[in-house]
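Worksheet for the structure shown next.
Here, each number is a calculation from the coordinates, and none is a lab measurement. No experiment lies behind these values; they were computed from the predicted model shown. Neighbour counts run over all protein chains shown; Cβ positions are idealised from the backbone, glycine included.
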């Protein structure tokens, strides 16, 4: 079986647009942010990726990254955030 | 000083956050939300990362769409934008899938440093609070060079 080589995080994101990703982080940039990694799992379903986080930790992985590979908001949607403590 | 770039054409400002959990390190994407008084992480991610969501206190919070109940989880460490906080309480809530992020970084985290956002160029800076005139001068020089 071919050895899976780390690749830039942004390259993985471009390849899997519209999906949630689980990546094993293999290197960091000068700011300590994730730079390269190995794609472990991808799915349009966020919950499935979170389940894969569980499985990856069970396998002994210790530095993982989850993200959504855009687009951020589907066409026709807008986002309104904010969470406030009740007084 | 910490600085990072974001895409100024996007409708939000999102960046990496590093979460130290009982099971290891999880990098996740969070959105800058200065309208939130509290930092929020998706409860499903926290649970998979090994945090106990059953024996945690609950609070009622107001969101843009109404009142909801949230769990308060103290994370071992959360780091983002050059800021790091140990034993930091976050709200654990389910976040909508179309939002496309794992959490919201709120004012409780952001107020630990000065925050400067250049929406034209897509540059976000965080700087320590100035201690005196000379320190303020040094910070100003750093801001100038970064922008």
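Residue B:104 meets the conditions (1) out of contact with any strand residue (DSSP E or B) (no Cβ under 7 Å at 6 or more places or on another chain); (2) surrounded by 19 or more Cβ atoms within 10 Å (Cβ to Cβ) in every case but one. The failed one is (1). Scanning region B:13-48 for residues that are assigned to a loop (DSSP other than H, G, I, E, B), facing chain A (nearest Cβ under 7 Å) and buried (at least 21 other Cβ atoms within 10 Å of the Cβ) turns up B:33, B:36, B:38. Flag: residue A:15 does not match the condition of being facing chain B (nearest Cβ under 8 Å) and either more than 18 Å from residue B:42 (Cα to Cα) or touching a residue at least 24 places away in the same chain (Cβ under 8 Å) (or both).
So which residues in region A:30-43 are surrounded by 13 or more Cβ atoms within 10 Å (Cβ to Cβ), more than 8 Å from chain B (Cβ to nearest Cβ) and either out of contact with any helix residue (DSSP H, G or I) (no Cβ under 7 Å at 6 or more places or on another chain) or assigned to a loop (DSSP other than H, G, I, E, B) (or both), if there are any at all? Within region A:30-43, A:38, A:42 qualify.
Put simply, of A:56, A:48, A:52 the only residue that is more than 16 Å from residue B:27 (Cβ to Cβ) and either surrounded by 19 or more Cβ atoms within 10 Å (Cβ to Cβ) or more than 9 Å from every other protein chain (Cβ to nearest Cβ) (or both) is A:48. Taken over region B:105-131, the criterion of being assigned to a loop (DSSP other than H, G, I, E, B) and out of contact with any helix residue (DSSP H, G or I) (no Cβ under 8 Å at 6 or more places or on another chain) is satisfied by B:106, B:111, B:112, B:113, B:119, B:120, B:121, B:122, B:129, B:131. Taking the conditions exactly as written (over 21 Å from residue A:54 (Cβ atoms), assigned to a loop (DSSP other than H, G, I, E, B) and touching a residue at least 24 places away in the same chain (Cβ under 8 Å)), does residue B:79 satisfy them or not? Taking the combined requirement at face value, the residue does not satisfy it.
In region A:1-12, what residues are away from every other protein chain (no Cβ under 11 Å) and assigned to a helix (DSSP H, G or I)? Residues satisfying the conditions are A:10, A:11, A:12. Condition check: without any contact (Cβ under 8 Å) to a residue 40 or more places away in the chain and surrounded by 20 or more Cβ atoms within 10 Å (Cβ to Cβ). Does residue B:55 satisfy that? It is false that residue B:55 is without any contact (Cβ under 8 Å) to a residue 40 or more places away in the chain and surrounded by 20 or more Cβ atoms within 10 Å (Cβ to Cβ).
Looking across region B:49-62 at every residue that is facing another protein chain (nearest Cβ under 8 Å) and not in a strand (DSSP E or B), the one that is nearest to the chain's Cα centre (by Cα) is identified as B:49. Every condition in (1) part of a helix (DSSP H, G or I); (2) surrounded by 12 or more Cβ atoms within 10 Å (Cβ to Cβ) holds for residue B:134 except the one numbered (2).
The conditions of being within 14 Å of chain A (Cβ to nearest Cβ) and within 14 Å of the chain's Cα centre (by Cα) are met by residue B:124. The set of residues from region B:3-12 being under 21 Å from residue B:112 (Cα atoms), surrounded by fewer than 16 Cβ atoms within 10 Å (Cβ to Cβ) and facing chain A (nearest Cβ under 9 Å) is empty.
Among the residues of region B:63-83, those identified as at the interface with chain A (Cβ under 10 Å from one of its Cβ atoms) and either farther than 26 Å from residue B:114 by Cα or loosely packed, with under 15 Cβ neighbours inside 10 Å (or both) are B:64, B:65, B:67, B:68, B:70.
Residues in region B:90-101 that are buried (at least 17 other Cβ atoms within 10 Å of the Cβ) and more than 20 Å from residue A:33 (Cα to Cα): B:90, B:91, B:92, B:93, B:95, B:99.
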